[in-house]
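Enquirer: First the structure, which I've put down as structure tokens, then a few questions once you've had a look.
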Amino acid sequence: AISDAFAGAYVFENGESRWEFGPPLMDYFMYHAKDDEPMSIKKLLGAGLGAYRNPPEAERYRAQAYTLLHFLSYEAKGKYREGLTAYLQSSINGKSAPTHLEKALGVKDLDEIEKEWLRYVKEVAGV
């Protein structure tokens, strides 16, 4: 579920927890941009919390979840932000399937925005 993806924006420093969705965390953007086989949004959404915590793939999941949330929040002046907010609200009520994200974003298939997401990641990463 995308709620698990918040793990990608989770920062624990100096005994304090917070989530950062403002300025990009460049380590995550670089990690994702250099991935030879980036995950699909559907795979990312379908992953359980264990995927974000258990090596060796945990860092990969966190990086790509973070870049997805950043993309949906900030790309094209927040074009997807309202849909992301609606999806997060519906996921609290147990509606976290990829089809719910498609509906919230107003796309027929998440594949439609994956190229846009990857382009955004590489642009932010400068690669």
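Enquirer: Which length gain, in nm to one decimal place, applies between Val107 and Ile92 when the Cα-Cα distance is subtracted from 0.36 nm times their residue separation? Numbers along the way, then the final one.
Expert: Values: separation 15, 0.36 × 15 = 5.40 nm, distance 2.10 nm.
Extending this stretch completely gives an extra 3.3 nm.
Enquirer: Can I get the semi-axes of the chain's equivalent ellipsoid? Compute them from the C-alpha gyration tensor as square roots of 5 times the eigenvalues, in angstrom, largest first.
Expert: Ellipsoid half-lengths, sorted descending, are 20, 18, 15 Å.
Enquirer: Here's something else I'd like to know. What part of the accessible area of the range 30-115, given as a whole %, is carbon or sulfur when the probe is 1.4 angstrom?
Expert: Roughly 49 percent of what the probe reaches on the range 30-115 is carbon or sulfur.
Enquirer: Counting only heavy atoms of protein chains, what accessible area per residue, in Å², does the chain have with a probe of 1.4 Å?
Expert: On a per-residue basis, the chain sits at 56 Å².
Enquirer: Return the lysines within reach of Lys115: Cα separation strictly under 21 angstrom, same-chain partners fewer than 8 residues apart disregarded; answer none if there are no such residues.
Expert: Lys34, Lys42, Lys43, Lys77, Lys79, Lys103
Enquirer: Mean-square fluctuation check for the chain, GNM, Cα pairs under 10 Å: which of Asn93, Asn54, Asn14 is largest?
Expert: Asn14
Enquirer: What does the extension gain come out to for Glu116 and Arg81, with contour length at 0.36 nm per residue minus their alpha carbon separation?
Expert: This chain segment gains 11.1 nm when fully extended.
Enquirer: Sticking with this one: Quote to one decimal, in nm, the extra length available between Lys34 and Glu123 on full extension: 0.36 nm per residue of separation minus the C-alpha distance between them.
Expert: On the way: separation 89, 0.36 × 89 = 32.04 nm, distance 1.20 nm.
So the extension gain works out to 30.8 nm.
The values are calculated or read from the model by the stated rules, or taken from the named source; none is laboratory data. Here the structure is a predicted model, which means the values were calculated and not measured. We work out accessible area using only protein heavy atoms, side chains counted, and drop any ligands, DNA or RNA first. Shrake-Rupley method; radii C 1.70, N 1.55, O 1.52, S 1.80 Å.
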